[in-house]
Amino acid sequence: MKTKMSLTTKIFAALVLGIITGLAVYPMKDNPFISKYLIDFIFNFLGNGFIRAIRMVVIPLVFFSLVVGAAGIEDVAKLGRIGIKTLIFYLSTTAMAVILALVGGNIINPGKGVSLGTVAVSNVTVGQPKPFVDILLNMIPINPVEALANGNMLQIIVFAILVGVSLSILGERTLGMKRLLEEGNALSLKLVEIVMLIAPYGVYGLISKTFATFGFVAIIPLFKYFLGVVVILFIHCLITYQGILAIVGRYNPLRFLKRFAPTMMVAFSTASSSAALPSSLKCMQETFGVSKSISSFTIPLGNTINMDGTAVMQGVATIFIAQIYGVDLSMANYITIILTSTLASIGTAGVPGAGVIMLGMVLTEVGLPMEGIGLVMGIDRFVDMFRTMINITGDAVCTVVISKSEGEKLQEA
Ligand code: ASP
């Protein structure tokens, strides 16, 4: 009988098989044959081969998706006031989400107690603390080609946004260029799709290697990471969002949740903001009664740039990976995480698993090993379902708040 497994099922199966293989190999890990050929060759090749392939697609993906995203928001100028309010809302709630993730991550300490630092990676270097002004200055590339070649993400983002904005100002005159960049975006999404085909093997290699080296103790931090992200997501949803809704928007949070729940379920089950977009838009207009002129701007824009759930995951995952590798993060590292996760979540596509690929960008900026992605990838789909739900809830809260601030009468009973 031939059954077709979805990629998610395969990745999860690879995680489980990896744990089983790793645990079976663990007692023999000091055998020279096992360590040389199985752990350091086969597991290592599968795992790191996958990581290298992910790294290959990150830079084109970030560049093209941001240029295209920025080039598409011509409406910001037209909608003026609403545009600015929306951007402030999206950016500040995302930054709040990352700060919450960093505080929560330091309380939960998902990766404390198990240090893979000595065995898995020997030369972990974490960025030296830099003065804040240098972090800001360093975001401006003096040579964009160099920024791309060196993979300096913050510089790439600044350049990409400026290119996008210029394209949208030039309009007709650069239509060909815009098309080309849009095709570049489609191309990089295809590359991601192809690379993800080997994800099950990569995850199998990375997880087998981890468990073969550390045995059963490696599973505890993974659970703590998962629970940590979910708890922080709920705090962000129930306290930050509902607080803003009640205080700024003067809208009953319980009514909001009841009305928006069906859309949240779409996001939860598909793990894709894009898939939940039509339902979200319809719900805002028909169930809440928000005008088309506001909702058809805030919802699609938020769907692409406002991903607080993804930012929370990236914050907690970065702390988790730093702790696993025994790296102490400095204040400057935390500021870098807040900035990069906010930007990385903006650049994340609304499809399953996109956020964990963009996590590579945060890890690179902080100077942590990309192998860390492999540790969280096996359970990422579960995390993804929860974070996608929060991603789209933020857009809806913003829409209600802005609609009320513009004096619209919503259905509140
Ligand atoms: N799946 C998420 C979304 O569509 C993106 C992510 O992977 O974080 O919103």
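Can you find even one residue in the stretch 102-120 that is modelled with pLDDT under 85, farther than 25 Å from residue 321 by Cα and surrounded by 19 or more Cβ atoms within 10 Å (Cβ to Cβ)?
no
Kindly check whether there is at least one residue in the stretch 44-51 that is part of a helix (DSSP H, G or I), within 30 Å of residue 181 (Cβ to Cβ) and aliphatic (A, V, I, L, M). First the steps, then the outcome.
To start, the set of residues in the stretch 44-51 that are part of a helix (DSSP H, G or I) comprises 44-51.
Applying the additional criterion that residues be within 30 Å of residue 181 (Cβ to Cβ) yields 49-51.
The next check asks that each one be aliphatic (A, V, I, L, M); those that pass are 51.
Checked against the condition, which is being part of a helix (DSSP H, G or I), within 30 Å of residue 181 (Cβ to Cβ) and aliphatic (A, V, I, L, M), the stretch 44-51 yields at least one hit.
Within the stretch 6-21, count every residue that is of a type in the set (A, V, I, L, M) and modelled with pLDDT under 75. Steps first, please.
Keep residues of the stretch 6-21 that are of a type in the set (A, V, I, L, M), which gives 7, 11, 13-17, 19-20.
From what's left, modelled with pLDDT under 75: 7.
Final tally of qualifying residues: 1.
Picking from 297, 223, 268, 234, which residue would you name as being more than 16 Å from residue 410 (Cα to Cα) and more than 20 Å from the chain's Cα centre (by Cα)? Outline the logic, then answer.
Working: 223 fails: more than 20 Å from the chain's Cα centre (by Cα); 268 fails: more than 20 Å from the chain's Cα centre (by Cα); 234 fails: more than 20 Å from the chain's Cα centre (by Cα).
Result: 297 is the single residue among 297, 223, 268, 234 that is more than 16 Å from residue 410 (Cα to Cα) and more than 20 Å from the chain's Cα centre (by Cα).
Taking the stretch 274-313, which residues are within 11 Å of the ligand (Cβ to nearest atom), of a type outside the set (A, V, I, L, M) and more than 13 Å from residue 393 (Cβ to Cβ)?
Of everything in the stretch 274-313, those that are within 11 Å of the ligand (Cβ to nearest atom), of a type outside the set (A, V, I, L, M) and more than 13 Å from residue 393 (Cβ to Cβ) turn out to be 274, 304.
Please go through the stretch 228-273 and pick out each residue that is of a type in the set (A, V, I, L, M, F, W, C), within 16 Å of the ligand (Cβ to nearest atom) and not in a helix (DSSP H, G or I). Before you say what the answer is, go through the steps one by one.
Looking only at the stretch 228-273, we keep the residues that are of a type in the set (A, V, I, L, M, F, W, C), and these are 229-235, 237-239, 244-248, 254, 256-257, 260-261, 264-268, 271.
Adding the requirement that they be within 16 Å of the ligand (Cβ to nearest atom) leaves 229-230, 232-233, 237, 260, 264-268, 271.
Selection gives 271 alone.
Being among the β-branched types (Val, Ile, Thr) and more than 20 Å from residue 405 (Cα to Cα) is the filter here; which residues of the stretch 257-296 pass it? Walk me through how you get there before you give the answer.
First pass over the stretch 257-296, keeping only residues among the β-branched types (Val, Ile, Thr): 263, 266, 270, 287, 290, 294.
Within the stretch 257-296, 263, 266, 270 meet the criteria.
Just to be sure before I move on: is residue 360 over 17 Å from residue 94 (Cα atoms), touching a residue at least 12 places away in the same chain (Cβ under 8 Å) and either within 15 Å of the ligand (Cβ to nearest atom) or crowded, with 24+ Cβ neighbours inside 10 Å (or both) in the structure I sent?
Values: over 17 Å from residue 94 (Cα atoms): yes; touching a residue at least 12 places away in the same chain (Cβ under 8 Å): yes; either within 15 Å of the ligand (Cβ to nearest atom) or crowded, with 24+ Cβ neighbours inside 10 Å (or both): yes.
In short, yes.
Taking the condition more than 15 Å from the ligand (Cβ to nearest atom) and free of Cβ contacts under 8 Å to residues at least 24 places away in the same chain, does residue 374 pass? First the steps, then the outcome.
Details: more than 15 Å from the ligand (Cβ to nearest atom): yes; free of Cβ contacts under 8 Å to residues at least 24 places away in the same chain: no.
No: the conditions fail for residue 374.
Would you be able to say whether some residue in the stretch 332-339 is within 19 Å of residue 232 (Cβ to Cβ), assigned to a helix (DSSP H, G or I), under 14 Å from the mean Cα position of the chain (by Cα) and within 13 Å of the ligand (Cβ to nearest atom)?
no
Which of the residues belonging to the stretch 315-349 are closer than 17 Å to residue 394 by Cα, small (Gly, Ala, Ser) and buried (at least 24 other Cβ atoms within 10 Å of the Cβ)? Even if it seems obvious, please write down each step before you answer.
Filtering the stretch 315-349 for residues closer than 17 Å to residue 394 by Cα gives 341-349.
From the residues that got through so far, the ones that are small (Gly, Ala, Ser) too are 341, 344-345, 347, 349.
Result: 341, 344, 345, 347.
Return yes when residue 211 is modelled with pLDDT under 85, in contact with a helix residue (DSSP H, G or I) (Cβ under 7 Å, 6 or more places away or on another chain), of a type in the set (Phe, Trp, Tyr) and under 30 Å from residue 104 (Cβ atoms) and no when it is not. Don't jump to the end; show me each part of the working.
Numbers: modelled with pLDDT under 85: yes; in contact with a helix residue (DSSP H, G or I) (Cβ under 7 Å, 6 or more places away or on another chain): yes; of a type in the set (Phe, Trp, Tyr): yes; under 30 Å from residue 104 (Cβ atoms): yes.
Answer is yes for this residue.
I need a count of the residues in the stretch 1-25 that are farther than 20 Å from residue 379 by Cβ and outside any loop (DSSP other than H, G, I, E, B). Please lay out each step first, then the result.
Of the residues in the stretch 1-25, the ones farther than 20 Å from residue 379 by Cβ are 1-4, 24-25.
Still in the list and also outside any loop (DSSP other than H, G, I, E, B): 24-25.
Selection size over the stretch 1-25: 2.
Exactly one condition in (1) assigned to a loop (DSSP other than H, G, I, E, B); (2) at pLDDT below 85 is false for residue 382; which is it?
Answer for residue 382: the failing condition is (1).
Could you say whether any residue in the stretch 397-411 is within 11 Å of the ligand (Cβ to nearest atom) and closer than 24 Å to residue 271 by Cβ? Reasoning before the result, please.
Initially, the stretch 397-411 is screened for residues within 11 Å of the ligand (Cβ to nearest atom), giving none.
So far as the stretch 397-411 goes, no, none of its residues is within 11 Å of the ligand (Cβ to nearest atom) and closer than 24 Å to residue 271 by Cβ.
The values are calculated or read from the model by the stated rules, or taken from the named source; none is laboratory data. These numbers come from a predicted model, not from an experiment. Here the Cβ is made from the backbone with ideal geometry for all residues, glycine too, and neighbour counts use every protein chain on show.
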